[in-house]
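Peer 1: Sharing a structure below in structure tokens format, with a few things to ask.
The values are calculated or read from the model by the stated rules, or taken from the named source; none is laboratory data. As the structure is a prediction and not an experimental result, all values here were calculated from the model. Every residue, glycine among them, receives a Cβ derived from its backbone with ideal geometry; neighbour counts consider all protein chains shown. For the accessible areas, the whole protein counts, side chains as well, though only heavy atoms, and no ligand, DNA or RNA atoms are used. Shrake-Rupley method; radii C 1.70, N 1.55, O 1.52, S 1.80 Å.
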Amino acid sequence: ISEVERGRQAGGDFVGRMPPPGPAKHPPNCRVFIGNLATEKTTSQEVAEIFQRFGRLAEPPLLRRSFGFVQFETPEAAQAAIRGAQGHMIGGLTIDLTLSDNRPVRGE
């Protein structure tokens with residue numbers, strides 16, 4: 001029996017531990033990692049405008065220091081964005097795009 005199952009049986013809470021597995025917030029293969037992003041010269045709105053042409057965004061782009069994420073509603077849109085915007089210049093830097101997993105980003 002797992003520690004999580006023991007906690008459930010005992011009626012305990014999961015404070016300080018990971019919650020039990022559940023459905024992902026978004027479908028797999030829909031999040032694009034944007035590397036080499038000039039976040040000090042770029043807004044979330046500018047990033048959204050660039051990537052919306054590839055498909056519907058599931059949420060506003062998340063920008064962090066020198067990188068960001070764009071969450072699409074479908075894997076096809078994410079792949080189209082990688083193909084279509086790879087090497088695009090944003091804020092004077094050439095971005096590098098890769099498919100990301102759906103792990104929550106710290107601070108999200």
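Peer 1: Can you give me the three principal axis dimensions of the stretch 44-92 from its C-alpha atoms, in Å, biggest first?
Peer 2: 27, 21, 15
Peer 1: Any idea how far apart Asn29 and Ser44 come out in nm if each label point goes 7 Å out from Cα toward Cβ?
Peer 2: 2.8
Peer 1: In addition: Considering only protein heavy atoms and a probe of 1.4 Å, how much of the accessible area of the stretch 44-92 is carbon and sulfur, as a whole percent? The partial results should precede the final answer.
Peer 2: Values: 1370 of 2670 Å².
Of the solvent-accessible surface of the stretch 44-92, carbon and sulfur hold 51 percent.
Peer 1: Same structure, new question: How many Å² of accessible area per residue for the stretch 44-92, probe 1.4 Å? Can you show the working numbers first?
Peer 2: Working: 2670 Å² over 49 residues.
Ligands and nucleic acids excluded, the figure is 54 Å² per residue.
Peer 1: Same structure again: Among Met89, Pro61, Gln79, whose Cα sits farthest toward the positive end of the charge dipole of the stretch 44-92 (+1 at Cβ of Lys/Arg, -1 at Cβ of Asp/Glu, about the Cα centre)?
Peer 2: The listed residue farthest towards the positive side: Met89.
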